[in-house]
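Rule-based calculations on the coordinates, nothing more; no lab input. Source: prediction; values computed, not measured. Here Cβ is always computed from backbone atoms with ideal geometry, including for glycine, and neighbour counts include all displayed protein chains.
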Amino acid sequence: MAKQLKPVELFLAVGLAAAVGACGGPAPDGGEVGADTAPTADMAHGGGEGGEGGEGGEGGEAGATSNPDADYMTTLALMKGHLMVADELIAAGSYAEAEPHIGHPVEELYGGVEAQLAERNVTPFKDQLNELLDLTKSAPESPQLKTKFDESIAAIDGAIAALPADQRQSPDFVLEVISHVLKTAAEEYEAAVVDGKIVEVVEYQDSRGFVLYSDQLYQTIAQEMEQTRAEDHTAIAKSLQELKTVWPTVTPPATPVKPPADVHILVLQVEQRSL
């Protein structure tokens, strides 16, 4: 049975599909999507075999925006976050724990950018992601795993590089993406914590990866922010540093470092300084 999509994947997929459809671009299945093929209500609410949105907090405001480029980059950023956590778990020999984080990019997120890859002349990389996932299940200790992992990371980086360089280096654009990714992280973390305990390990790890990649992404514009928006830079850097303390290791602590409400506040502080 196929894994249910989380709300963020549904929103991103619908948003990107609508953007491509408005331009009459190709559909993922090779058909033609026109302006009159808007997503149905069932699609928007997770209808069909997937049912309603799955577990976790990847939804709401972290979903599709009016900026197709931001949606595209956000989806790829979520993929990177998943694989960052998977890499940590593989390094620790926790292959079974790494498996869902390797699966999420291809099973939940890839469909949201598949048509966009063709529009942006990016070589499809679904097969690479599937090969990595299969290898994680069948031969996780084989030397080929690192090769396939590195190939998958390179493919995602290549898809990101399809965006214009000036956009990828624009603080406004990068901060918009970071805000979406951090909102998703906060929602995942909220889903992980129940009655003051971390009960959903995968959601905890998802949110860790999203925060770590958000911080990595911020470093690409930090110098310019420090020079042109010093106060905002100081506040954002401080909030990101405090956010990272919430996930001290890839294995959840016995007691949450901060309650979900505090994480949402820190994310909001970043968002407000991003405007």
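Note that the stretch 176-182 has calculated 3J(HN,Hα) couplings of 4, 5, 4, 4, 5, 5, 5 Hz, one per residue in order, obtained from phi through the Karplus relation 6.51 cos²θ - 1.76 cosθ + 1.60 (θ = phi - 60°); glycine and proline are x.
The stretch between L268 and E141, if pulled fully straight at 0.36 nm per residue, gains 41.6 nm over its current Cα-Cα span.
When the square roots of the Cα gyration tensor eigenvalues are ordered a ≥ b ≥ c, the ratio a/c for the stretch 167-274 is 1.5 or more and a/b exceeds b/c, which makes its shape prolate. When the C-alpha to C-alpha distance is required to be over 29 Å, the pairs from K146/K238; K80/K137; K137/K258; K148/K238 that qualify are K146/K238; K137/K258; K148/K238. Model label sites at D195 and S94, defined 7 Å from Cα along the beta-carbon direction, differ in position by 2.3 nm. Extension gain, D157 to A254, is 31.4 nm, computed as 0.36 nm per intervening residue step minus the present C-alpha separation.
The simple spin-label model puts a point 7 Å past each Cα toward its Cβ; for A235 and Q169 those points are separated by 2.7 nm. Each residue of the stretch 233-238 was assigned a 3J(HN,Hα) from its phi angle through the Karplus curve 6.51 cos²θ - 1.76 cosθ + 1.60 (θ = phi - 60°); the sequence is 4, 4, 5, 5, 4, 5 Hz, with glycine and proline shown as x. With θ taken as phi - 60° and the Karplus curve 6.51 cos²θ - 1.76 cosθ + 1.60 applied, the whole-hertz 3J(HN,Hα) list for the stretch 142-154 is 6, x, 5, 4, 5, 4, 5, 5, 4, 5, 5, 4, 4 Hz, x standing for glycine and proline.
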